[in-house]
Amino acid sequence: MDPRVREHAELLVDWSARIEAGDDVVVSVSEGAHDLAVAVAGVLGERDANPLVLYDSGEVRRAYLKASDAFETDPDHERELFERADAYLGLGGGRNTIALADVPAATRREYDRARQGIREARLATDWVSTVHPTRSLAQGAGMAYEEYCEFVYGAVLRDWEALATEMARLKEILDAGSEVRIEREGTDLRMSIEGRTAVNSAASVAYDSHNLPSGEVFTAPVADSVEGEVVFDVPMTIRDRRVRDAYLRFEDGEVVESSAAAGEDAITAVLDTDDGARRLGELGLGMNRGIGRPTDSILFDEKMAGTVHLALGRAYDACLPDGEAGNESATHTDLITDMTGESRLLVDGEVVQRNGVFRWEEGFEE
């Protein structure tokens, strides 16, 4: 086994999920993540944790969704599994990245709605999602398999404490800020972040961060404050549809116009999920310079340095004041715009990032 797999497992269990002796841990294993699952099981055993392993397959889920059109709302046996768990580890890496491509959007929407309580129970654990490099993911990224392995481990096996220290600078600015403005070709978007708390997403639940790799700072816009238009020029697959150059226009916080050069039906399906899907739940800024190119995987692409991502739908509680529910939705769908060209990101009128470079980084232009 590649020794980096063991290093990945140790980082996931110790740094990211902070597993302790006696913890009850649900481990969801995708079809291609067997080697990582073996390594994770070994590390969990050494930490005296109690793993329960689930099999996660896009093809299995497709078979169920194609055969059924009546979904029980939050079935007790599954919801209680997560309610009783201390932690959840999602090991991605399926054999087919678009296994659900022929499942109707309406079916997937109803399934997501029926499972919203289960999703909330899972998110209430110390959950972390990661990915094991597979040939299907390498193909989706347009890379040779060995090249993709180098990419994945370059993004995952980082000095997270050092990156956390750097990202704390941006968190401090956002925590103190009231308004963010994003400007680039085709984009002029404003939103309030008054009273919000930014998350220094340093790949650990200790930072309210739940992805490995991570490397972003994110917050939750005030839902009805978003005004203007934005173009998302980083191509990505949403609901098994390839989406390119998506465009959204907001008034009073709500999407009032949308289009895309490709995959417009996927954007429409997301917006039709529920009322909250037409509002933003997240503003995130990528800061992981170990991710230097898009790979059609949101786990990596939204962390890419020099990008901004905005999520339609659910806001994360960690960003919200006590007692405030924030934007609620059965979806949380990220869209990404590249800021490395002619662009500015301003907080309260002050330029924090220009052309993808933060003001404390070498190469920042006054």
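The values are calculated or read from the model by the stated rules, or taken from the named source; none is laboratory data. Every value quoted in this text rests on a predicted model; they were computed, and no experiment measured them. Here the Cβ is made from the backbone with ideal geometry for all residues, glycine too, and neighbour counts use every protein chain on show. Heavy atoms of the whole protein, side chains included, go into the accessibility calculation; ligands, DNA and RNA do not. Shrake-Rupley method; radii C 1.70, N 1.55, O 1.52, S 1.80 Å.
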Fill in the blank from the handout: Every listed condition ((1) free of Cβ contacts under 8 Å to residues at least 40 places away in the same chain; (2) surrounded by fewer than 20 Cβ atoms within 10 Å (Cβ to Cβ)) holds for Arg314 save (2)
Fill in the blank from the handout: Selection over segment 267-298 where residues are aliphatic (A, V, I, L, M) and farther than 20 Å from Ser201 by Cβ yields a count of 5
Practice task
Among the candidates Ser329, Ser343, single out the residue that is closer than 23 Å to Arg249 by Cα, touching a helix residue (DSSP H, G or I) at 6+ places or on another chain (Cβ under 6 Å) and open to solvent by less than 30 Å² (accessible area, probe 1.4 Å).
Solution key: Ser329
Exercise for the section: Grab the helices (runs of 4 or more DSSP H) fully contained in segment 2-108, keeping just those with 1 or more residues being open to solvent by less than 50 Å² (accessible area, probe 1.4 Å) and among the charged types (D, E, K, R). Expected result: 76-83
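Condition check ((1) at pLDDT below 95; (2) within 23 Å of Arg181 (Cβ to Cβ)) across all residues:
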position: Ser225; (1), (2): no, yes
position: Gly228; (1), (2): no, yes
position: Pro235; (1), (2): yes, no
position: Ile238; (1), (2): yes, no
position: Leu248; (1), (2): no, yes
position: Ala261; (1), (2): no, no
